[in-house]
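One structure below.
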Amino acid sequence: MSKVLLVDDDVELSSMLREYIEQEGFEADVANDGEAGVAGALTGDYAIVVLDVMMPRLGGIEALRRIRAHSQVPVIMLTAKGDDVDRIVGLELGADDYVPKPCTPRELVARLRAILRRTQDVSPADVASGPLVAGALQMWPQMRRAQWRGEPLELTSTEFNLLELLARSAGRVVTKAELSEQGLGRPLARFDRSIDVHLSSIRHKLGPRPDGRSWIETVRGLGYQLIRE
């Protein structure tokens with residue numbers, strides 16, 4: 001059973017969300033302020049964290065910053081509907097996805113399952129297979145581990161999903177719709193910049209090619225491709 005930490009100062013909402021997701025087969029705890037949320041997230045007891053942006057004492061953005069300084073636990077941000085600034089900042093700091101408030105419990109559960117499906121599903125064939133190799137990149141999907149030029153590559157859950165998709169099609173274009181559906185677990189929405197922000201973070205972590213260009217190229221009108229050496 002996956003254990004979820006809900007961090008939200010809205011006691012009524014968090015209680016309702018907790019009741020719903022527990023009916024859907026999850027185990028859930030609630031923290032009603034950012035400081036308690038950070039402390040809980042860093043215990044290692046939770047498979048995923050749902051973090052509200054607007055909270056007293058310690059806001060969600062700063063809470064996420066503190067979590068990411070020590071942990072890559074998957075994080076879904078709850079953001080005000082239409083607040084693109086908080087949404088983008090959260091993604092840039094390493095949030096795996098976001099859900100705009102007010103949200104339905106059903107939508108939140110769908111996002112939880114989409115992220116956890118990729119982080120927890122491990123088949124015997126995956127365990128027995130060797131690493132996925134694309135040039136200087138090596139990935140072990142079964143262990144959620146990656147190396148770049150022989151050095152550990154620290155990735156969030158969603159970054160790992162997206163880079164794995166690109167690595168499996170290295171040298172070929174992967175559409176933005178495919179990345180959203182297979183990497184985020186949801187259809188691509190109009191004006192959604194999540195993929196762009198996640199890929200920007202991955203590009204930064206990989207660094208530039210010798211000629212100064214990116215290892216992940218944007219193919220205008222089509223999608224993205226990971227360049228082979």
Taking Gln142 as the residue in question, decide whether it is out of contact with any strand residue (DSSP E or B) (no Cβ under 8 Å at 6 or more places or on another chain) and not in a helix (DSSP H, G or I).
yes
Segments classed as strands (runs of 3 or more DSSP E), wholly inside the range 7-100, with at least 3 members that are at pLDDT 95 or above and more than 17 Å from the chain's Cα centre (by Cα):
27-31
Output for the range 9-26, where each listed residue is surrounded by 14 or more Cβ atoms within 10 Å (Cβ to Cβ) and of a type outside the set (S, T, N, Q)
Asp9, Asp10, Leu13, Leu17, Arg18, Tyr20, Ile21, Glu24, Phe26
State whether one or more residues within the range 126-137 are touching a strand residue (DSSP E or B) at 6+ places or on another chain (Cβ under 8 Å) and of a type in the set (S, T, N, Q).
no
Of all residues making up the range 86-106, the number that are touching a residue at least 60 places away in the same chain (Cβ under 8 Å), open to solvent by less than 50 Å² (accessible area, probe 1.4 Å) and over 24 Å from Arg18 (Cβ atoms)
3
Scan the range 141-168 for residues that are crowded, with 17+ Cβ neighbours inside 10 Å and of a type in the set (D, E, K, R) and jot them down.
Arg144, Glu159, Glu164
Would you confirm whether or not the range 123-139 contains a residue that is among the small types (Gly, Ala, Ser), surrounded by 20 or more Cβ atoms within 10 Å (Cβ to Cβ) and in contact (Cβ under 8 Å) with a residue 24 or more places away in the chain?
yes
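The values are calculated or read from the model by the stated rules, or taken from the named source; none is laboratory data. This one's a predicted model, so the numbers in the text were calculated from it and none came from an experiment. So basically every Cβ, Gly included, is an ideal-geometry build from the backbone, and we count neighbours across all protein chains shown. These area figures cover heavy atoms from the full protein model, side chains too; ligands, DNA and RNA do not enter into them. Shrake-Rupley method; radii C 1.70, N 1.55, O 1.52, S 1.80 Å.
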